[in-house]
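The values are calculated or read from the model by the stated rules, or taken from the named source; none is laboratory data. For clarity, every value in this text was computed on a predicted model and none was experimentally measured. Glycine gets a Cβ as well: all are built from the backbone with ideal geometry, and neighbour counts include every protein chain shown. Each accessible area value is taken on the protein alone, full model and side chains, heavy atoms only, with ligands, DNA and RNA left out. Shrake-Rupley method; radii C 1.70, N 1.55, O 1.52, S 1.80 Å.
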Amino acid sequence: MARRNDPFAQPIDWITLLLYIACVSIGWINVYAAVYSPEDQTSIFDLSTNAGKQLMWIGTTVILIICILVVNHTFFDTFAFVFYGVMIAMLLLVLVAGSNINGSRSWFKFGGFQLQPAEFAKMATALALAKYIDIPGVNLTKQKDLLYIGAIIVLPCILILASNETGSTLVFASFVIMLYREGLPGWIPAVGLTVVGLFILALIFPKLYIFAGIVVLLAVIILLMPRYNRTAQNLIMLGLIGVGMMIVVVGVDFFVNDVLQKHQRNRIKVLVDPTIDPLGVGWNVTQAKIAIGSGRLYGKGFLEGTQTKFDFVPEQSTDFIFCTIGEEHGFLGSLIVIALFLALISRIVILAEKQRTKFARVYGYSVAGIIFFHVMINIGMTIGLVPVIGIPLPFFSYGGSSLWSFSILLFIFLKLDSRRSALLRR
């Protein structure tokens, strides 16, 4: 009986753990490669370099993981709303007492130590959503419940956006994946994807072409509809949808020119036309593409990346760490890293589906969605498929806040899953 209560005796999913260790280890090695200088030839253990500091962050992360595995699994369920409240308080505090770094007032500085609450807000929001959705009677088809869920997600978004952290704000869109799994009406994510698609089209093509396309699309839908569905009400609804789509297209110019800040507009311009101002606003993406493309199939070899060594790519060890992988390890190395992330995300989803409680399942899908969004956007921005919004590659990018937040996010789920595994073994 004593062994049953021993937190270390409860089984942990070793496949996920090994995938996590692989990600952190490869990430640490590539942080070293990103800051390595042939002249200095510093050691990977040199604590004055980013690689050495990342090793210290890994050490402290191990302590955090042990703490998570020691506490009872009910701790996270019981105090989910408390975590959320504390994080909201920290997001408010950082607006008045935070330090401004790279134009973003989203950091607490304690000497040489920096902490970004926005990174941990994702974990706290995931716990709060899991707690609320687990309440008996909550249904994602009810308007009241959707409003509460929306409020839980939007509140930290507003505070993070107020600190000028657009990238971290966009990550909260990843919760749609979990919400859809839990019964969110399909038309809601469909509307969101349609708006995003129209936004992109409006940046590339003349508006008249898009209007014509919308009209043709609606005409095809009407022609394919059975006769008994061609009621006045349905036709009016389709017409209103078409008008709404056109309004979105017209509103793109206003949003880009009058709502977005200058640096955000520039990032969108670079996405649409990568050749624009290659020595200015297009520098990051241009150099990132050169670095990844120069690696070709097998890469230039470990510590042999010239784009890396001569600091052509800004933020090489943080937001653009994938450039180092592409340049030094080529297409095959990049493919292995992507496969590693896909394996990790897939394993989390598999475990989430096996959970016996809705709380654990909802939280597991939130973890998978957040990691997937980060990987997709981070890699996408380094190869010019999405705007540069400055979010880290999980477990790879240099930084304590990032490593801590993703590790805590993942191991809370593994702790919840260990309870399920322990019950199966009894």
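Could you work out [θ]222 nm for the chain from helices alone, using -39500 (n - 2.57) per DSSP H run of at least four and dividing by all its residues? Round to the nearest 500 deg cm²/dmol. Taken over the chain, the calculation gives -22500 deg cm²/dmol. Using the Kyte-Doolittle scale, find the helices of the chain whose mean hydropathy is at least 1.6 and whose Cα atoms extend 18 Å or more along the helix's long axis, counting only whole DSSP H runs. Helices passing the filter in the chain: 14-35, 50-70, 80-97, 143-162, 187-204, 207-224, 232-254. Here the chain is assigned +1 on the Cβ of each Lys and Arg and -1 on the Cβ of each Asp and Glu. Its dipole about the Cα centre then comes out at about 1480 debye. Rolling a 1.4 Å probe over the protein heavy atoms of the stretch 62-188, with every protein chain left in place, gives an accessible area that is 70 percent carbon and sulfur.
Near S334, once Lys and Arg are set to +1 and Asp and Glu to -1 for all other residues with Cβ below 15 Å from its Cβ, the sum equals +1. Taking packing as the residue-averaged number of other Cβ atoms within 10 angstrom, the listed peptides 186-194, 219-227 run from highest to lowest as 186-194, 219-227.
Of the chymotrypsin sites (Phe, Trp or Tyr not before Pro) found in the stretch 79-155, those that fall in a DSSP loop while having at most 16 other beta-carbon atoms within 10 Å are F79. When the square roots of the Cα gyration tensor eigenvalues are ordered a ≥ b ≥ c, the ratio a/c for the chain is 1.5 or more and a/b does not exceed b/c, which makes its shape oblate. With the highest mean first, a sort of the peptides 345-356, 364-375, 42-53 on other beta-carbon atoms found within 10 angstrom per residue produces 364-375, 345-356, 42-53. The share of accessible area on the stretch 294-385 that comes from carbon and sulfur is 66 percent, using a 1.4 angstrom probe. Could you give the distance between the Cα centres of the stretch 56-125 and the stretch 226-269, to the whole Å? For the stretch 56-125 versus the stretch 226-269, the Cα centre distance is 38 Å. Other residues lying with their Cβ under 12 Å from the Cβ of G251 contribute a combined charge of -1, Lys and Arg counting +1, Asp and Glu -1. Averaged over its residues, the chain has an accessible area of 49 Å² per residue, based on protein heavy atoms and a 1.4 Å probe.
One equal scatterer on each Cα of the stretch 332-399, no solvent, Debye formula: the resulting log10 I(q)/I(0) at q = 0.13, 0.25 Å⁻¹ is -0.42, -1.07. Other residues lying with their Cβ under 13 Å from the Cβ of D134 contribute a combined charge of +1, Lys and Arg counting +1, Asp and Glu -1.
Got the relative contact order for the chain handy, in percent, Cα pairs under 8 Å and 6 or more residues apart? The normalised contact order for the chain reaches 26 percent.
Averaged over residues, the count of other Cβ atoms within 10 Å places the peptides 230-239, 294-303, 322-331, 19-28 in the sequence 322-331, 19-28, 294-303, 230-239, highest first.
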